[in-house]
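Heads up: the structure comes next, in structure tokens.
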Amino acid sequence: MSLQFQLIGYPIQHSLSPWIHERFLSKANLQGTYEINEIDPQHSFEEKIMEMKNNKELNGFNVTVPYKQKIIPYLDSLDKNAKTLGAVNTVLNKDGKWIGYNTDSTGYVRALETKYPELTKERKSKHVLILGAGGAARGIYCGLDFAGYVNIDIANRTTEKAWEIAELRSELTNTDILTLKEAENNLLKYDIIIQTTSVGMKPTTENTIIHLNSIKKDVIVSDIVYQPIKTKFLKEAENLGARIHYGHTMLLYQALYAFEIWTGLSVDINNMDEELQQVLEGR
Ligand code: ATR
């Protein structure tokens with residue numbers, strides 16, 4: 001039996017997902033394909049989705065920008081993460097029923113905690129700062145909240161957007177909203193600082209969202225930007241003695257969780273981190 005997976009989105013010709021999932025399939029000794037199914041926003045989304053529904057051999061697919069919300073009316077059910085976030089990035093075809101998941105949020109937390117496993121025992125005592133309040137910040141906020149982190153502040157240029165994210169918090173979670181300037185002046189409070197915006201991404205690699213002047217010893221500084229792998233923000237953090245966490249690992253773990261949902265199998269992805277780094281550096 002050969003498995004069939006796809007990615008829908010636009011534009012997605014340069015997506016790394018086929019590379020990642022083909023590796024997973026081969027590591028798991030499974031026969032299968034993972035194909036790009038680019039849906040031009042000029043064309044009928046519904047028509048394309050109906051074509052996919054008619055393909056009974058399709059085991060599952062990933063969804064990326066701009067369809068993470070648009071896919072929801074075509075699904076039979078949603079998991080808890082996807083429901084809370086109102087966004088789906090993974091769909092499982094289970095006996096003809098389409099089930100929507102969001103593996104971005106769990107994927108981020110898994111990537112972070114695989115790199116720093118001690119965090120799993122210290123979730124309640126860690127003070128986290130999220131920089132940015134877009135879709136990625138929303139996923140990461142909910143992922144941390146679900147995992148049991150209870151002190152998660154958000155700083156954003158537009159504070160109203162941060163308030164909207166904070167409304168998703170569970171009962172035990174405390175969230176302060178800050179301006180970027182306030183965050184910059186209070187960094188000593190934080191054990192984990194997560195940069196979730198596109199600031200610092202190629203080609204504007206000299207930009208950083210805030211300056212990391214005084215930070216806590218042993219702080220973990222994470223940046224979801226992975227082009228370049230080591231952003232200026234991460235370089236600044238490293239120079240100040242912080243422990244750093246690269247953005248491309250989130251890609252791997254969100255994909256791994258999707259693969260687990262589709263196949264019921266997991267794979268060892270230890271050395272893929274470096275392989276993916278090389279692929280990205282070659283671009
Ligand atoms: P995504 O869905 O990928 O997270 P997004 O929804 O466009 O992307 O969110 C972008 C985030 O980056 C927002 O928090 C945005 O701040 P605003 O809410 O004030 O717009 C933030 N952002 C983008 N460019 C920025 C910049 N130059 N300085 C500060 N914040 C920036």
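The values are calculated or read from the model by the stated rules, or taken from the named source; none is laboratory data. As the structure is a prediction and not an experimental result, all values here were calculated from the model. For neighbour counting, all protein chains shown are included, and Cβ atoms are generated from backbone atoms with ideal geometry for every residue, glycine included. Side chains are part of the model used for accessible areas, which takes the heavy atoms of the whole protein and leaves out ligands, DNA and RNA. Shrake-Rupley method; radii C 1.70, N 1.55, O 1.52, S 1.80 Å.
As an exercise, use a Förster radius of 51 Å and the Cβ-Cβ distance of E38 and K189 to find the FRET efficiency, rounded to the nearest 0.05.
0.70
Say R0 is 25 Å: what FRET efficiency, to the nearest 0.05, do S125 and E182 get from their beta-carbon distance?
Efficiency computed from Cβ-Cβ geometry: 0.65.
Give me the distance in nm between label points sitting 7 Å out from Cα along the Cα-to-Cβ direction at L265 and K48, one decimal.
Those two pseudo-labels are separated by 3.0 nm.
What accessible area per residue, rounded to a whole number of Å², is obtained for the range 106-246 using a probe radius of 1.4 Å?
46
Using only alpha carbon pairs under 8 Å that are at least six residues apart, calculate the relative contact order of the chain and give it in whole percent.
15
Using label points projected 7 Å from each Cα along Cα→Cβ, tell me how many nm separate K70 and W19, to one decimal.
That separation, rounded to one decimal, is 2.6 nm.
Rounded to the nearest percent, how much of the accessible area of the chain (1.4 Å probe, protein heavy atoms only) is carbon and sulfur?
47
Run through the DSSP bridge list for the chain and note the antiparallel percent, rounded to the nearest 5.
20
With the crude spin-label approximation of a point 7 Å out along Cα→Cβ, what separation in nm comes out for W163 versus D95?
Here the modelled spin labels are 4.7 nm apart.
Springs between alpha-carbon atoms under 10 Å, Gaussian network over the chain: tell me which of S26, S44, S222 tops the mean-square fluctuations.
S44
Report the relative contact order of the range 192-283, percent, no decimals, based on alpha-carbon pairs under 8 angstrom and at least 6 residues apart.
Reported relative contact order: 25 percent.
What is the count of Lys pairs in the range 178-283 whose alpha carbons sit under 18 Å apart, if the two are 8 or more places apart or on different chains?
9
Quick one: work out Rg over Rh on the C-alpha atoms of the range 106-246, Rh as Kirkwood radius.
Result: Rg/Rh = 0.92.
What translational D, rounded to a whole number of µm²/s, comes out for the chain from Stokes-Einstein when the hydrodynamic radius is the Kirkwood one over Cα pairs, at 37 °C and 0.692 mPa s?
168
Can you list residues from other chains, or at least 5 along the same chain, whose modelled amide H is less than 5 Å from the amide H of N151?
HN-HN under 5 Å from N151: V128, N174.
Place a label point 7 angstrom from the Cα of Q277 along the Cα-to-Cβ direction, then list the residues of the range 212-233 whose backbone nitrogen is under 17 Å away.
Under 17 Å, as judged by backbone N against the label point of Q277, lie 221-233 of the range 212-233.
Which whole-number percent gives the relative contact order of the range 29-167, counting Cα pairs below 8 Å spaced six or more residues apart?
The value is 17 percent.
Let's test the formula: R0 of 41 Å, r as the Cβ-Cβ distance of E171 and T205. What FRET efficiency results, to the nearest 0.05?
The calculated FRET efficiency here is 0.50.
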